[in-house]
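Novice: Here you go, one structure.
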Amino acid sequence: MPEQPSEESIQKMRAFVDRYNAKFGTFVSPVEGVTEQVILGLAKNVDEIGRPLCPCRFYPDKNEEIKHRTWICACDDMQIYKYCHCLLFVNQEGLPITEYLPEGHEGREIYGLVEDPIPEKGRPLKNKGPEREQERIDRPS
Ligand code: SF4
């Protein structure tokens with residue numbers, strides 16, 4: 001597996017990020033290099049396993065992980081809570097939105113309350129939070 005992902009996958013992920021931001025009311029990070037690093041990680045996973053698995057987590061077995069949708073970008077946290085722990089989808093200041101996270105979620109502990117600047121957009125699965133969480137818990141280990 002080459003270190004650098006294919007140009008095709010990089011372009012695909014760049015286009016996905018632009019589309020997602022426009023549609024769901026988030027932004028790329030103003031901090032240089034952050035967006036590109038995450039895009040490269042996603043593109044690498046596309047090349048390696050065929051899906052844009054979140055690059056900011058460790059998986060014992062990536063091929064097993066992609067049988068579930070939990071960490072396929074845009075992941076459950078993003079689609080339910082509008083929270084991206086990789087800082088790929090953020091507010092204009094480069095902070096992840098934490099407003100909708102449940103109490104005790106790591107994002108609230110790390111960043112405190114970060115309000116959603118565009119609440120009328122995003123969270124396409126906002127009504128599926130408990131259901132998705134249960135699916136995750138019920139997964140065979
Ligand atoms: S945290 Fe979620 S939305 Fe952010 S890069 Fe990872 S999979 Fe994508």
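The values are calculated or read from the model by the stated rules, or taken from the named source; none is laboratory data. Note that the structure is a prediction, hence the values are computed from the model and not measured. So basically every Cβ, Gly included, is an ideal-geometry build from the backbone, and we count neighbours across all protein chains shown.
Novice: Output the residues belonging to segment 54-87 that are charged (D, E, K, R), buried (at least 17 other Cβ atoms within 10 Å of the Cβ), outside any loop (DSSP other than H, G, I, E, B) and more than 9 Å from the ligand (Cβ to nearest atom). Break it down into steps so the answer makes sense when it comes.
Specialist: The first filter runs over segment 54-87 and keeps only residues charged (D, E, K, R), leaving 57, 61-62, 64-65, 67, 69, 76-77, 82.
Keeping just the survivors that are buried (at least 17 other Cβ atoms within 10 Å of the Cβ) gives 65, 76-77, 82.
When the remaining residues are screened for being outside any loop (DSSP other than H, G, I, E, B), the result is 65, 76-77.
Across segment 54-87, the qualifying residue is only GLU65.
Novice: Six or more apart or on different chains, Cβ under 6 Å: which pairs go from a residue in segment 107-127 that's touching a residue at least 40 places away in the same chain (Cβ under 8 Å) to one that's among the small types (Gly, Ala, Ser)? Could you list them?
Specialist: The qualifying pairs are ILE118/GLY25; LYS121/GLY25; GLY122/GLY25.
Novice: Taking the criterion of being at pLDDT 95 or above, outside any loop (DSSP other than H, G, I, E, B) and within 14 Å of ASN21 (Cα to Cα), would at least one residue in segment 107-114 satisfy it?
Specialist: There is no residue in segment 107-114 that is at pLDDT 95 or above, outside any loop (DSSP other than H, G, I, E, B) and within 14 Å of ASN21 (Cα to Cα).
Novice: Can you tell which of ILE118, ILE110 is of a type in the set (A, V, I, L, M) and either farther than 18 Å from PHE27 by Cβ or loosely packed, with under 14 Cβ neighbours inside 10 Å (or both)?
Specialist: ILE110
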